[in-house]
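Just below is one structure, and these are the notes that go with it.
The values are calculated or read from the model by the stated rules, or taken from the named source; none is laboratory data. Keep in mind it's a predicted model, so treat the numbers as computed, not measured. With ideal geometry, Cβ positions are generated from the backbone for all residues, glycine too; neighbour counts draw on all protein chains shown.
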Amino acid sequence: MSTIVHREVFSQISGHRALDLVNTVDWRLSRERLTEELHDYDDVLRWATQVGILTNENLDALRVLAERSPAEADNEVVRVRALREALYATLFGEGDPGILASEYSSAIERGALARIDTGWGWQVPVELSMPRHLIGFEAHDLITRGNLSVLAQCQDAECGWVFLDQSPRHNRRWCVAADCGNRNRAREFYRRSRED
């Protein structure tokens, strides 16, 4: 069962854009509380803009394209979610990295190397698949260049959010200390006080 939530602001606590995408599912580890944040193409566009992989100029152009081809836009939402779940499964389970490789290959096929600021980067055409292709680049970057030895998942029993633990001692336990951390510390305090 999945609850519908439309976020105005998406979480960016993970330390990498691809992991921020994984965190567009709330309460991932709970069947009862599982919440999907990417319901429609506009959710995908807003997320991609907030994390900085799309510009506002691209956002406006893609909204026009989505209005012209709503079925194709809906299909892109399904494909972005599938890419997200493939990334999560590859990092934390028995996922098939071939799905990630296929999306990366598709992004390269549609894209072109171009001068960006002081270096080079991949650019893809402004079409409905643009967010997915840019996510494909981000997922590839995480898997091939990220320090996955610090990859972690919130220790809350139901949360499931993921992050790169950049804490000095690499002992971060919670996605957000003031949220999952406080709730679990209060639960543990209550449990201990009842045992006394």
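What number of residues within the range 84-108 satisfy the criterion of being hydrophobic (A, V, I, L, M, F, W, C), touching a helix residue (DSSP H, G or I) at 6+ places or on another chain (Cβ under 7 Å) and free of Cβ contacts under 8 Å to residues at least 60 places away in the same chain?
Result for the range 84-108: 4.
Name the pairs: first residue in the range 110-129 and free of Cβ contacts under 8 Å to residues at least 12 places away in the same chain, second residue assigned to a strand (DSSP E or B) and of a type in the set (D, E, K, R), Cβ to Cβ under 9 Å, at least 6 apart or on different chains?
Cβ pairs passing all conditions: Gly121/Arg115.
How do the strands (runs of 3 or more DSSP E) wholly within the range 57-160 filter down when requiring 1 or more residues that are aromatic (Phe, Trp, Tyr): which remain?
119-123
Give just the number: which of (1) in a helix (DSSP H, G or I); (2) in contact (Cβ under 8 Å) with a residue 60 or more places away in the chain; (3) surrounded by fewer than 17 Cβ atoms within 10 Å (Cβ to Cβ) does Arg33 not satisfy?
It fails just one condition, (1).
Has the range 95-116 got any residue that is at pLDDT 95 or above and within 20 Å of Val25 (Cα to Cα)?
Yes: the range 95-116 contains one or more residues that are at pLDDT 95 or above and within 20 Å of Val25 (Cα to Cα).
List the number of the failed condition for Val51; all other conditions in (1) under 21 Å from Cys154 (Cα atoms); (2) under 13 Å from the mean Cα position of the chain (by Cα); (3) in contact (Cβ under 8 Å) with a residue 60 or more places away in the chain hold.
Only one criterion in (1) under 21 Å from Cys154 (Cα atoms); (2) under 13 Å from the mean Cα position of the chain (by Cα); (3) in contact (Cβ under 8 Å) with a residue 60 or more places away in the chain is unmet by Val51, namely (3).
Scan Leu87, Leu128 and give me the residue that is within 18 Å of Asp20 (Cα to Cα) and modelled with pLDDT of 95 or more.
After applying the criteria, what remains is Leu87.
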